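Notes to accompany the following structure.
Nothing in this text is a laboratory measurement; each read-out follows from the coordinates by a stated rule. Everything numeric here is computed off the predicted structure, so don't read it as measured data. Here Cβ is always computed from backbone atoms with ideal geometry, including for glycine, and neighbour counts include all displayed protein chains.
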Amino acid sequence: MRSGDQDLHTLAGAYVLDAVSDDERVRFAAHLAGCAQCRDEVDELREAAARLGTAQAARPRPELREPTIRAAYRTRQMGPVIAEGEPARRPASWGGPRRKRATRGLVAAAAVVIAAAIGIGTHYVDMQHQPARGTAVTGVDAVLSAPDAVMRTAPVGSGGMAIVVSSRHEHMAVFIAHGLRRPPPASRYELWLMGPRGERPAGMLAIHPKGMAGPALIAGQSAGDMVGLTIEPERGSLRPTSPPVVMIGPTGP
Amino acid sequence: MTEGRWRGNAPDHARGADRQAASGLDELLLAVARGSERAYDAVYDLTSGWVLGVARKVLRDPAQSEEVMQEVMLEVWRLASRFDPARGSGISWVMTLAHRRAVDRVRSERSHTIRELRAATAVIDYDDVIEAVEASLDAQRVQRCMASLTELQRECVSLAYYSGYTYREVAELLSVPAGTVKTRMRDGLIRLRDCLGDAKGVQ
């Protein structure tokens, strides 16, 4: 199932038509992050695909208008996801020279992945932990909306892709993974903060269908901490008992 | 269709006005990102018909399509700050959300047995797509451009976009290698893009 870059490159059409598996979607989005030419192609092809959709225009029942609009007004809006060290849409008063223009595309592409992952992730939260939903989702939103949110992605050694968005301002990070292998029987994935202060457990990670995991909220990071993921006995460990399948960071202040 | 309250299906719609509405949408979305409710009302009026249309095309079920339309319109409000005009038009952004949501819904409900897929092909073909298309200028242009694709390109693009199949499923349906389908989706869309771009340039 692993594809090389060249193979991935030809996926642009299928990706734009949403004709890829979730796993391929994430891998291609990660590929986009590093390929400006591919991003341009995808942006252009999306314009064409959109026309296939608008050509089908229908007339919504007028009764739907008010409730839909009202529901929106009652919903908190997400802030922009931005590149490391660069405010997204800085107020005019900030002035100053622009930094790191090139990283914007990466974050934009990654934001797509996150939006996709969160969409599916919160869907599972909805179904399984109705009462817990509020706080978890709010925390996740807070991190993703933070003006200093930084995103990092890394392939997981045992298969899949991990994404960590962290905010120093919020003192929290959000972990999302996709395409994770099911852990061996009687074992589970465990998240860790790993850094100068040692290794501290940061929660067990449930695997949803298609290897989706998260969004998991991670708090309590300190300077130099990375987020690590290991496979542990079912009940979890206090110290990692196997080498991390992925480490991303730093996430701390 | 009578008066074009929803821009997308207005039969008497001039192309210039289409484009004006389109660039207006970009501005509106930027205002929505800053929390403007008035701008959101306008975005709803401008785009909900497109969103419902693509949902209905993919899902077929009217009730589910309305749900998806409402979900997508809520996403438009919630995620407006992610819209970046440097990366594409507002229409493209909204339709990406809409198609994605419709496809996710259809996939979560469809059990993918080959038999069902085979039965589905009997229903979903190009003629069906053409018949369903409203006779608006925009739709006519898309139709014309779709007709300029090779048959395989057209089938690949239609089955993916309008029926929500993955390229692997399309390959299975058409008995064509998956790699070929991937390629046809890409070059089909490129041709569509070029054709739509040319059509714009003519007037």
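Here r is the Cβ-Cβ distance between residue B:198 and residue B:175 and R0 is 41 Å; the resulting FRET efficiency, rounded to 0.05, is 0.80. The mean sequence separation of alpha-carbon pairs under 8 Å and at least six residues apart, normalised by the residue count of region B:28-87, gives a relative contact order of 42 percent.
Taking θ as phi - 60° and the Karplus parameters 6.51, -1.76 and 1.60, the scalar couplings of region A:174-179 work out to 10, 10, 9, 9, 9, x Hz in sequence order, x denoting glycine and proline. Once the Cα-Cα distance is subtracted from the 0.36 nm per residue extended length, the residue A:36 to residue A:187 segment shows a gain of 50.4 nm. Listed by Cβ neighbour count within 10 Å, with the fewest neighbours leading, A:175, B:83 appear as B:83, A:175.
With a 10 Å cut-off around each Cβ of A:36-47, the average count of Cβ atoms from other chains is 4. Per-residue Cβ neighbour counts within 10 Å put A:170, B:27, A:234, B:169 in the sequence A:234, B:27, A:170, B:169, beginning with the fewest. On the beta carbon distance between residue B:137 and residue A:148, with R0 = 60 Å, the FRET formula returns roughly 0.80.
With a simple spin-label model that places each label point 7 Å from the Cα along the Cα-to-Cβ direction, the separation between residue A:21 and residue A:200 comes to 3.8 nm. The trypsin sites (Lys or Arg not before Pro) of region A:173-237 that meet both conditions, a loop assignment by DSSP and at most 11 other Cβ atoms within 10 Å of the site Cβ, are A:235. Distance between the pseudo-spin-label points of residue A:10 and residue A:65 (7 Å out from Cα toward the beta carbon): 4.9 nm.
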